[in-house]
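The values are calculated or read from the model by the stated rules, or taken from the named source; none is laboratory data. Note that the structure is a prediction, hence the values are computed from the model and not measured. Neighbour counts are summed over all protein chains in view; Cβ atoms, including those assigned to glycine, are modelled from backbone coordinates with ideal geometry.
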Amino acid sequence: MNRREFLKKTAVSAAATSLLAWPNEVWAGGTVNLTILHTNDMHSRIDPFPNDGRTNGGLGGMARRATLINQIRQQEKNVLLLDSGDIFQGTPYFNFFGGELEYKLMTQMRYDATTFGNHDFDNGLAGLQRQLPNAGFSFLSANYDFSNTILKNQFQPYQVFEKEGIKIGVFGLGIELAGLVDKKNYGATVYLDPGQRAADMVKQLREKENCNLVICLSHLGYKYENAKIDDRKLAQQVPGIDLILGGHTHTFMEAPEKINRTNGHETLINQVGWAGINLGRMDFTFSKKSKQKINVAAAVLPIGKTVISS
């Protein structure tokens, strides 16, 4: 099944967020397709919501998400699976097992990377450290400095993935913990300015790592009416980010928001609710010759409603 057929057969919100007209010579050298799958704010929701008439009844469930992800991987050659934080807290699974089950299941689903949400500190730094051996994926954090804690040197600010010659730089940003998380749970963790750290990451990933696509895993929140930094402000203030995959505000977006800067750079922002109800999908097409992005399409896949036929 090709990408267009996939979006048609899923019968969910599928919106082309950018259709760029490029000269024929761009296509002549062939293209590389990249599929980004993403989640946020899973909150220990292992099982589907009970199908008892409640809102979101029957939706979600990590086993069904895993099945969908496996089907997509069978159809697409280049897949990255990313998460934007708040994996912990929300069901008795976390109360009893402290995050062990969440990390093990995400590892089985072959997540590539996540960042930290505020609830990921709910069992303190020791609780987080205790569960790290269960996680077979990267934790990316550019604006939490753990140097004076037991988690010193445990995490990287960014990671570069390569798919058929296309380099994808991914970095993570977290929300300010003071006033949101009990001080004893994050200890001497230092919060660094996310705008400055994002600019540092873009410079590193563009100029030194030569990335063709830059993705921010953000747990800042989508939009606030006050001066507090959020994904929209970040996109407006920091040039060079191609995609912000957000969390924290549990925002259900039907399609990514496009933020255009005066220099012509376009940043897409996306977030897919909470509790594993949805799986976000972003399909990027690059010119194999120039490695420039030439198209992107997006879909929201409700877990429990999406059915893919071969």
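Reported count of residues in the range 108-126, each being in a helix (DSSP H, G or I), free of Cβ contacts under 8 Å to residues at least 60 places away in the same chain and crowded, with 16+ Cβ neighbours inside 10 Å, is 1. In this entry, V202 is excluded by the filter for residues that are assigned to a strand (DSSP E or B), closer than 18 Å to G264 by Cβ, hydrophobic (A, V, I, L, M, F, W, C) and modelled with pLDDT of 95 or more.
Would you say K223 is at negative phi, in contact with a helix residue (DSSP H, G or I) (Cβ under 9 Å, 6 or more places away or on another chain), of a type outside the set (V, I, T) and part of a loop (DSSP other than H, G, I, E, B)? Against the criterion (at negative phi, in contact with a helix residue (DSSP H, G or I) (Cβ under 9 Å, 6 or more places away or on another chain), of a type outside the set (V, I, T) and part of a loop (DSSP other than H, G, I, E, B)), K223 qualifies. Looking across K223, K167, K203, one residue alone is of a type in the set (D, E, K, R) and touching a Leu at 6+ places or on another chain (Cβ under 9 Å). It is K167.
Taking R45, is it modelled with pLDDT of 95 or more, in a helix (DSSP H, G or I) and crowded, with 20+ Cβ neighbours inside 10 Å? Taking the combined requirement at face value, the residue does not satisfy it.
Residues checked against (1) farther than 20 Å from G276 by Cβ; (2) among the polar types (S, T, N, Q); (3) out of contact with any strand residue (DSSP E or B) (no Cβ under 6 Å at 6 or more places or on another chain); (4) part of a helix (DSSP H, G or I):
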| residue | (1), (2), (3), (4) |
| --- | --- |
| A66 | no, no, yes, yes |
| Q74 | yes, yes, yes, yes |
| L81 | no, no, no, no |
| G85 | no, no, no, no |
| G90 | no, no, yes, no |
| F96 | no, no, yes, yes |
| E102 | no, no, yes, yes |
| M106 | no, no, yes, yes |
| Q131 | no, yes, yes, yes |
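G280 - would you say it is under 21 Å from L205 (Cβ atoms) and not polar (S, T, N, Q)? No; evaluated as a whole, the condition is false for this residue. The single condition among (1) more than 14 Å from the chain's Cα centre (by Cα); (2) assigned to a strand (DSSP E or B); (3) among the aliphatic types (A, V, I, L, M); (4) within 30 Å of P48 (Cα to Cα) that A298 does not satisfy is (1).
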